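The values are calculated or read from the model by the stated rules, or taken from the named source; none is laboratory data. Because the structure is predicted, anything quoted here is derived from the model rather than measured. Cβ placement follows ideal geometry from the backbone for every residue including glycine, while neighbour counts extend to all protein chains displayed.
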Amino acid sequence: MVVTVADVEGRLCIRYTHFNKPRVLQPASVTPKHPSVTRDNGLLFVIKGDHCGKLVQRIHHQYIDQQDFVCLAVVKKVDSAADIILPE
């Protein structure tokens, strides 16, 4: 689903198109994604730390002393092509 954030009458809302008609997504139906280190290969958005605001892709994970360590690659999203891995 492709969504956009729009300002409607002074309030931010999430809009999407359904059968060529714009609709508003109810905030109660939106939940944060808590990715699983071992299973999630989707595109992720960093919300804390030095790389806040960047898109990343999981490359590898491992357990060391009962802690999860994840190797991520910063990527640039490209329409109609594979994502580009940035040298970060």
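Observations on the model:
- Against the list (1) within 14 Å of the chain's Cα centre (by Cα); (2) assigned to a strand (DSSP E or B), the condition residue 31 fails is (2).
- Of residues in the stretch 4-17 being among the aliphatic types (A, V, I, L, M) and within 12 Å of residue 27 (Cβ to Cβ), the one surrounded by the most Cβ atoms within 10 Å (Cβ to Cβ): 14
For (1) part of a strand (DSSP E or B); (2) free of Cβ contacts under 8 Å to residues at least 24 places away in the same chain; (3) in the same structural domain as residue 4 (by TED's automatic domain parsing); (4) touching a strand residue (DSSP E or B) at 6+ places or on another chain (Cβ under 8 Å), each residue gets a yes or a no:
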| site | (1), (2), (3), (4) |
| --- | --- |
| 22 | yes, yes, yes, yes |
| 50 | no, yes, no, no |
| 56 | yes, yes, no, yes |
| 59 | yes, yes, no, yes |
| 63 | yes, yes, no, yes |
| 68 | yes, no, no, yes |
| 72 | yes, no, no, yes |
| 79 | no, yes, no, no |
